[in-house]
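Readers should treat all values here as calculations from the given coordinates under stated rules, not as data from a laboratory. Fair warning: this is a prediction, and the values are worked out from it, not measured in the lab. Glycine gets a Cβ as well: all are built from the backbone with ideal geometry, and neighbour counts include every protein chain shown.
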Amino acid sequence: MLRYIAEQIVWQEVPGEVSLAYTFSGCQLGCKGCHSADSWDARQGQPLSAEHFARRLQDYQGLISCVLFLGGEWQEPELMPLLSLSKAAGLKCCLYTGLELSDVSGALRRELTFIKTGRWLPERGGLQSLTTNQKFIDLRTGQCLNSLFQQPN
Ligand code: SF4
């Protein structure tokens, strides 16, 4: 079962959306300078049951517009039911992954509204950086929305 180390409401990670966000433990990509290296151990955190998740969606009904999963793609069979529950609740779905879009299965992509792809490379920076390798994509249109994270000079 997927285990989470953080359950938060966030405003900035998905532009224009209020998101219920889960940070899962167990990322295996090992990016140098990872901001949450303490979450690499898959034994960290609490199991996220479908029952708990459904209860949270009920608690936040009308208050959130999106669900954000940071990681979890390495347990796609576990992630898919959570995405189905989110969609059934009328919510958009976003995944933050260190993988590239071509590494993410078509089945998973079809369940998502947005995806952030690309490893953390300190010298390139995150979505706010003009030199970033990462991409934030609206999967409904294929449009890269990085400019929404970047402040004009
Ligand atoms: S993908 Fe994200 S969580 Fe995983 S190692 Fe890289 S920066 Fe850390």
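General observations
- Residue (of F53, I64, T23) at the positive-pole extreme of the range 20-91, dipole from beta-carbon charges: I64
- Magnitude of the charge dipole for the chain, about its Cα centre and with charges confined to Cβ atoms of Lys, Arg (+1) and Asp, Glu (-1), is about 200 debye.
- Three-way shape label, the range 3-149, alpha-carbon gyration tensor, a/c 1.5: oblate
- Cα lying deepest toward the dipole's positive end in the chain, options A6, G90, S39, charges on Cβ: G90
- Shape call, the range 90-130: gyration tensor on alpha carbons, a/c limit 1.5: oblate
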